[in-house]
Amino acid sequence: MPTKRQYAVGVSQNGSLIHSSRYGSLRAKTQLKECHIVRYADDFRIFCKTRGDAQRLYFATKDWLHHRLGLEVNEQKSQIVNLKKRYSEFLGFKMKLDRRGTKKNGEPKYIVQSHITEKSAEKIAQKARELIYNIQNPADRNEQFQATYFYNSFVIGVHNYYDMATHVQKDFRKIAFPIHKSLKVRLRDRLKTKKQLEQKKIKSTVPKHIQEAYGKSQQLRFVGNDKVLVPIGYVSHKKPIAKGRTVNKFTPEGRECIHKGLERIDKNILHYLMRNPVRYRSIEFNDNRLSLYCAQQGKCAVRGIFLDRDDVYCHHRTPRHLGGKDNYKNLIIVSEVIHKLIHANSEETIFKLLRGLNLGQAQIRKLNQLRKLAIVESCFVISDVIPDGAPCERKLSCTVLSGGKSRD
């Protein structure tokens with residue numbers, strides 16, 4: 001907001017500007033009404049300090065929407081709410097102010113108490129029951145595998161969305177009770193605890209991302225001996241943190257901030273991989289595919305770059321037709337172009353794929369190791385030195401064992 005006087009402006013740690021001096025003067029020397037607006041699509045909330053300010057802003061907003069945008073306000077859904085007395089619902093949450101102590105000047109201090117709305121809780125429970133029904137009645141083993149993945153993906157998704165509610169644990173505890181009952185009734189003897197599997201000396205595998213988030217929970221359940229179910233009642237509150245002003249994809253500094261935020265895993269890509277397992281592959285393969293994505297922090301094992309969801313390839317170090325299995329140690333996550341380079345047996349194709357990648361010596365050595373393990377027909381070892389991004393003409397021949405197609 002432009003002012004006659006130039007006030008001092010500070011910069012916070014996340015890069016946002018601090019206008020506290022200007023705001024303090026506006027509060028003390030003007031009659032402007034202070035408000036905070038939160039909007040998502042056509043749904044928004046305006047927070048004010050007093051009821052009088054709220055009434056003025058309500059009619060001003062209604063008039064502005066009518067004359068400027070030609071929009072009519074829904075009188076039934078639009079209202080003024082005193083958050084000290086009633087809840088206000090927004091995007092599946094309901095929030096209210098709760099008095100906690102007093103300030104130094106003697107005024108009461110308030111904190112926000114938030115819950116999941118009853119309507120959202122009912123939708124979560126209904127969707128979970130539908131997914132449990134799909135687990136109970138699969139058409140085949142592959143359908144059962146997909147149904148389990150969809151259930152886990154759904155539970156992790158609602159946990160990540162609603163965990164900013166302060167009372168999310170209490171709300172999900174209420175949802176979990178009928179869901180656990182439904183699991184017992186529908187799956188019966190197929191549903192087992194980790195303790196039951198240990199007593200029968202049955203080895204159970206839990207994907208790394210589930211082990212990290214839910215491994216301490218005693219609510220973990222297994223369908224059969226190999227498919228784990230994420231506990232819907234195991235969730236805790238996480239403080240929502242605003243995105244820094246410096247984060248964007250248009251500047252080198254902004255992209256660096258994005259990569260720092262992705263140093264562990266990108267949850268959106270992880271959920272996509274969970275919802276889209278590789279069909280006609282074993283449960284062990286798809287579980288280890290997710291675990292490897294988490295272990296490699298979403299990066300290509302050769303190039304070290306972050307992978308998009310359509311660029312994630314799970315490669316067998318030793319091909320299956322040569323005795324390679326779907327165990328964790330025999331798999332590795334690489335990008336699409338690296339996967340093609342591993343299996344390429346034409347010099348022209350290899351040179352074409354290498355052009356522009358600018359691989360370093362260590363990266364080329366790792367690529368050669370993977371090519372040797374794959375035992376590609378007509379294979380040669382790529383030179384460690386590639387000047388100006390173009391493959392060197394000097395090639396070292398390697399012994400190749402014929403064994404049919406090597407693409408895996």
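Readers should treat all values here as calculations from the given coordinates under stated rules, not as data from a laboratory. Note that the structure is a prediction, hence the values are computed from the model and not measured. Cβ: placed from backbone, ideal geometry, glycine included. Neighbour counts: every protein chain shown.
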Exercise for the section: Take every Cα pair under 8 Å in region 300-341 that's 6+ residues apart, average their separations, divide by the length, and report that relative contact order as a whole percent. Expected result: 46
Exercise for the section: Can you check what the net charge comes to around Lys4, using other residues whose Cβ is under 12 Å from the Cβ of Lys4 (Lys, Arg +1; Asp, Glu -1)? Expected result: +3
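What do you get when you divide the Cα radius of gyration of region 118-229 by 2.2 N^0.38 Å, with N the number of residues? Mind dumping the intermediate values first?
Details: Rg = 14.1 Å, N = 112, 2.2 N^0.38 = 13.2 Å.
Cα-based Rg divided by the globular estimate yields 1.07.
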Practice task
In debye, nearest 20, what is the charge dipole magnitude of the chain about its Cα centre with +1 on Lys and Arg Cβ and -1 on Asp and Glu Cβ, if you could check?
Solution key: 1860
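Return the calculated 222 nm mean residue ellipticity for the chain, to the nearest 500 deg cm²/dmol, obtained by summing -39500 (n - 2.57) across DSSP H runs with n ≥ 4 and dividing by the residue count.
Using -39500 (n - 2.57) per qualifying helix, the result is -12500 deg cm²/dmol.
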Practice task
Would you please state the base-10 log of I(q)/I(0) at q = 0.06, 0.09, 0.13 1/Å for the chain, with intensities from the Debye formula using one equal scatterer on every alpha carbon?
Solution key: -0.41, -0.81, -1.19
Exercise for the section: Report the charge-dipole magnitude of region 118-229 in Debye, nearest 20, computed about the Cα centre from +1 at each Lys and Arg Cβ and -1 at each Asp and Glu Cβ. Expected result: 520
Problem - Per-peptide average of other Cβ atoms within 10 Å, ordering 294-304, 313-323 highest first - result: 294-304, 313-323
Practice task
For helix 20-29, report the angle its Cα long axis makes with the longest principal axis of the Cα atoms of the chain; keep it between 0 and 90° and round to the nearest 10°.
Solution key: 20
Exercise for the section: Could you tell me, in Å, what Rg and Dmax come out for the Cα atoms of region 173-278? Expected result: 18.6, 56
Practice task
Take peptides 351-363, 138-150, 24-36 and line them up by average Cβ neighbours within 10 Å, highest first, as a rough protection proxy.
Solution key: 138-150, 351-363, 24-36
Fill in the blank from the handout: So the angle from the long Cα axis of helix 283-295 to the longest Cα principal axis of the chain, reported in degrees to the nearest 10, equals 60
Problem - Net charge over other residues, Cβ less than 10 angstrom from the Cβ of Glu284 (K, R count +1; D, E count -1) - result: 0
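Taking K and R as +1 and D and E as -1, what net charge do the other residues with C-beta under 12 Å from the C-beta of Tyr87 add up to?
Values: positive: Lys84, Lys85, Arg86, Lys94, Lys96; negative: Glu89, Asp98, Glu118.
Counting the neighbours of Tyr87, the net charge comes to +2.
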Exercise for the section: Could you tell me how many degrees, from 0 to 90 and to the nearest 10, lie between the Cα long axis of helix 51-68 and the main elongation axis, the longest principal axis, of the Cα atoms of the chain? Expected result: 70
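So between Ile241 and Arg141, what do we pick up on full extension, going 0.36 nm a residue minus the alpha carbon distance?
Working: separation 100, 0.36 × 100 = 36.00 nm, distance 4.15 nm.
Between Ile241 and Arg141, full extension yields 31.9 nm more.
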